[in-house]
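Have a look at the structure below before the remarks.
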Amino acid sequence: MIYQSDQLSIKRLDGDIAELNFDLQGESVNKFDNATVTSLAAALDALEAESGIKGLLVSSAKPVFVVGADITEFTSLFGSGKEEIKPFTGANNKNFNRIASLPYPSAVAINGFAMGGGLECCLACDFRVMSTAAKIGLPETKLGILPGWGGTVRLPRIIGVDEAVMWMATGADKRADAALKAGAVDAVAAPEQLREVTLATLQGAIDGELDYAGRRAEKHGPLPLNDTEAMMTFFTIKSMVAQQAGKNYPAPVKVVDVIEQARSMSLDDALDAEAEGFAELATTPVASALVGVFLNDQLLSKKAKGWEKKADKKIERAAVLGAGIMGGGIAYQSALKGTPIKMKDIAQAGLDLGLNEANKLLAKRVDRGRMSASQMGEILNAIDPTLTYAGFEDVDIVVEAVVENPKVKHAVLAEAEKHIDKDAVLASNTSTISITYLAEALERPENFCGMHFFNPVHAMPLVEVIRGEKTSDTAIARTVAYANKMGKKAVVVQDCPGFLVNRVLFPYFGGFNMLLRDGADFQAVDKVMERWGWPMGPAYLMDVVGIDTGVHAAGVMAEGFPDRMQPDFKSATEVMFELERFGQKNGKGFYEYVADKRGKPAKTVNEEVYGMIADVVGERVEFEREDVIARMMLPMAIEMARCVEEGIVGTPAEADLALLYGVGFPPFRGGIFRWMDTVGMAHIAEASRKFAHLGKAYELTERMQEMLASGETYY
């Protein structure tokens, strides 16, 4: 053994080959935390002192290669200045430069995932062999930063500028076939042959059959572009990347800037330029927010896995009551992820609608090459449409997804309970109706909970798992386990009107309706909120949700929280409802919708809408942008603070992700609590005082006032 630590080892193999093997003790994956970076430097000291070595094999003892840097170490780092951040990249760059400059060739066996710093380590090696089951990528821009360990320098010189920029700007994972085609790896091998093929490749270089010196010269030299080619290339790429990334995400454009700046530099100077770009991005609120989202997601996943471990049995067979678009979406997602499901409706037309929904979604996957026609057939066969309860005694969970009507749901749930095993879980996909209330119709309320999917089911990651007064931990655990198996992000919440997401979404809509009442133009409000970062403004969002659905939900919220959600005026949304303008579902709401060439509803403006709402809106007023934002966001933020304080949701982290995954809260702001921390509670309090006349929805909670006084933050 040449070197050994808790992070990695170097040993001598037959043929005078050294093997650098990553194996971080106590962890399921390898990562470049500070200890690993330090250990790698010590290992290279030992390797360089070893005589007679002819080649280096780099490998992993775990099912993955290296997943990247330890993101948990980023949070404190990002709070410091640029000069404190730059050394972070320097230490491991020295390590990778030493690997790249060894007096003999190196080859890496890439198994599992090689992401971020893991791939940058591979790029420093002379040859890369990738398992057919592996994925590689540089996802740093998803965290608001850029590769800081040579990725912007080496990758463009290996696969070309255009391809390298796309890899880094999108942050997408790449499978072995795509990586081989791009030239990022030299060979691919079946997992069981990966080591053998990598060693053979390395031996070829040792024997002089493969020119590793020439490869090093290309990686360390300037990009092969003259000034005119460079000008045209970077102008075109930068324009495209800027358009796709948008103004709120600076990292992808900075990647192009850094590559352009370093195109003619020496390796050391190019790495300095990269380090400068990394440090510049790392000090931005966007990086802090996106790293926060990543860490919050890890927390949410850990909690969901914790619940899954508590599940006393696996969900192997499921059923959904009510076909239609929502039921069909649930059936599709369940079958797609490997859980056969019965789809029951009272009419054949409903079953046809649900099957058509599943068929349409699967056909898209086939068209895009994401599955074969035979795989599509297998998944469709896992959906069993039925008009009866035959076979329901064998299912492990039933998700009720019928019309949002308490009486109908009571009847359907009570009926279904009679046809399922006494141990089976019964869940409701209700978006507003109390789980405790619905449980009154059941003989076994302990087996009942909410399982609220968001529409469209296949696209929206969030599932709210709602605990009623009598819901058992067993029911919650099994339901979360089912959500996990379906590939969803499960947030466990307590029962209350609207649960979590709708409870905080409707104060936001309430702020919108008051703005219109006071003379705001709904199109102007939409534009302000979209520029703030929302994927769609409130009028457009209400159309997508469904104005009939929105009015019903608003009524539930008003009844549950009359002190702050019961309006004392007739809203423009109610007028839309009375005129049967329900939004996208019937082609007319605040906007009107006509199918485009791809069959998607295209939004258009009908000026007559202004006349329709004239009696309930004030004389047109042009509001300041910041006032629109404050009037829209404060009610949502304060209501979410109440939800955490009341224990409706466990943590600010879970609350932030619920809005990100449930309604598209702007990721670059990190979530509503992250946003409040960024602007500061003093700013929130000032806005609260300014708009106090609008009612209790704008009034800080006692806890928020305590935080203001103490300087406390949510994170």
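The values are calculated or read from the model by the stated rules, or taken from the named source; none is laboratory data. A quick note: this is a predicted structure, and the numbers were derived from the prediction, not measured. Every residue, glycine among them, receives a Cβ derived from its backbone with ideal geometry; neighbour counts consider all protein chains shown.
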Q. Considering only residues of the stretch 484-498 that are among the hydrophobic types (A, V, I, L, M, F, W, C) and part of a loop (DSSP other than H, G, I, E, B), which is surrounded by the fewest Cβ atoms within 10 Å (Cβ to Cβ)?
A. CYS496
Q.
Any residue at all in the stretch 181-201 that's without any contact (Cβ under 8 Å) to a residue 12 or more places away in the chain and under 31 Å from the mean Cα position of the chain (by Cα)?
A. yes
Q: Considering only the stretch 624-660, state which residues are surrounded by fewer than 18 Cβ atoms within 10 Å (Cβ to Cβ) and either of a type in the set (Asp, Glu) or farther than 30 Å from VAL493 by Cβ (or both).
A: GLU624, ARG625, GLU626, ASP627, GLU645, GLU646
Q. Which condition number in (1) over 31 Å from the mean Cα position of the chain (by Cα); (2) farther than 30 Å from GLU280 by Cβ is the one that ASN97 fails?
A. (2)
Q.
I'm told ASN429 meets every condition in (1) at pLDDT 95 or above; (2) more than 19 Å from LYS344 (Cα to Cα) except one. Can you identify the failing condition by its number?
A. (2)
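Among the residues of the stretch 619-676, count how many are outside any helix (DSSP H, G or I) and among the aliphatic types (A, V, I, L, M). Let's see the steps before the verdict.
If we filter the stretch 619-676 for residues that are outside any helix (DSSP H, G or I), which is where we start, we get 619-624, 646-651, 664-666, 670-671.
Those still in the list that are among the aliphatic types (A, V, I, L, M) too: 621, 648-649.
Residues flagged as outside any helix (DSSP H, G or I) and among the aliphatic types (A, V, I, L, M) within the stretch 619-676 amount to 3.
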Q.
Give me the residue from the stretch 226-250 that is of a type in the set (A, V, I, L, M, F, W, C) and within 30 Å of the chain's Cα centre (by Cα) and, out of that set, nearest to ARG531 (Cα to Cα).
A. ALA245
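Name the single residue that is nearest to ALA35 (Cα to Cα) among those in the stretch 73-91 being of a type in the set (Gly, Ala, Ser) and at pLDDT 80 or above. Show your work before the answer.
Step one: of the stretch 73-91, the residues of a type in the set (Gly, Ala, Ser) are 76, 79-81, 90-91.
Then drop every residue that is not at pLDDT 80 or above, which leaves 90-91.
Numbers: GLY90: 15, ALA91: 11 Å.
So the residue we want is ALA91.
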Q) Taking the stretch 523-544 only, how many residues are closer than 21 Å to LEU634 by Cα and either β-branched (Val, Ile, Thr) or touching an Asp or Glu at 6+ places or on another chain (Cβ under 7 Å) (or both)? A) 7
**Q.** Pair list, Cβ < 6 Å and 6+ apart or interchain, from the stretch 587-599 residues that are in contact (Cβ under 8 Å) with a residue 24 or more places away in the chain to residues that are among the acidic types (Asp, Glu)
**A.** GLY589/ASP543; PHE590/ASP543; TYR591/ASP543
Q. If you scan the stretch 109-124, which residues turn out to be in contact with a Ser or Thr (Cβ under 7 Å, 6 or more places away or on another chain) and crowded, with 24+ Cβ neighbours inside 10 Å?
A. ALA109, ILE110
Q.
Need the failing condition index for GLU229 against (1) free of Cβ contacts under 8 Å to residues at least 60 places away in the same chain; (2) within 22 Å of ALA109 (Cβ to Cβ); (3) not aromatic (Phe, Trp, Tyr), just the number.
A. (2)
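Could you check, for the stretch 680-702, whether at least one of its residues is free of Cβ contacts under 8 Å to residues at least 60 places away in the same chain, more than 17 Å from the chain's Cα centre (by Cα) and at positive phi? Walk me through how you get there before you give the answer.
Within the stretch 680-702, the first condition is being free of Cβ contacts under 8 Å to residues at least 60 places away in the same chain, and the residues that meet it are 680-689, 692-693, 702.
Okay, now just the ones that are also more than 17 Å from the chain's Cα centre (by Cα), so 680-689, 692-693, 702.
This time we only want the ones that are at positive phi, so: 680.
Within the stretch 680-702, one or more residues are free of Cβ contacts under 8 Å to residues at least 60 places away in the same chain, more than 17 Å from the chain's Cα centre (by Cα) and at positive phi.
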Q) Hey, does the stretch 536-552 have a residue that's of a type in the set (S, T, N, Q), touching a residue at least 40 places away in the same chain (Cβ under 8 Å) and outside the structural domain of ILE672 (by TED's automatic domain parsing)? A) no
Q | Residue among VAL153, VAL188 that alone is of a type in the set (A, V, I, L, M), at pLDDT 95 or above and surrounded by 24 or more Cβ atoms within 10 Å (Cβ to Cβ) | A | VAL153
Q: Go through the stretch 579-618 residue by residue and tally those that are part of a loop (DSSP other than H, G, I, E, B), within 23 Å of LYS360 (Cβ to Cβ) and out of contact with any strand residue (DSSP E or B) (no Cβ under 7 Å at 6 or more places or on another chain).
A: 5
Q.
Please determine whether any residue of the stretch 557-578 is surrounded by fewer than 16 Cβ atoms within 10 Å (Cβ to Cβ), part of a helix (DSSP H, G or I), in contact (Cβ under 8 Å) with a residue 24 or more places away in the chain and not small (Gly, Ala, Ser).
A. yes
Q: Tell me, yes or no, whether the stretch 51-59 has at least one residue that is touching a Ser or Thr at 6+ places or on another chain (Cβ under 6 Å), of a type outside the set (Lys, Arg), crowded, with 19+ Cβ neighbours inside 10 Å and assigned by TED's automatic domain parsing to the domain that holds LEU271.
A: yes
**Q.** ASP16, sole failed condition from (1) modelled with pLDDT of 95 or more; (2) among the charged types (D, E, K, R); (3) closer than 21 Å to ASN111 by Cβ
**A.** (3)
Q. Taking the stated definitions as given, is SER239 hydroxyl-bearing (Ser, Thr, Tyr), closer than 23 Å to LYS94 by Cα and out of contact with any Gly (no Cβ under 6 Å at 6 or more places or on another chain)?
A. no
Q | Every residue from the stretch 637-692 that is farther than 21 Å from PHE454 by Cβ and of a type in the set (Asp, Glu) | A | GLU645, GLU646, ASP677, GLU686
Q) If you check ASN30 against the conditions, is it within 28 Å of LEU281 (Cβ to Cβ), assigned to a helix (DSSP H, G or I) and of a type outside the set (A, V, I, L, M)? A) no
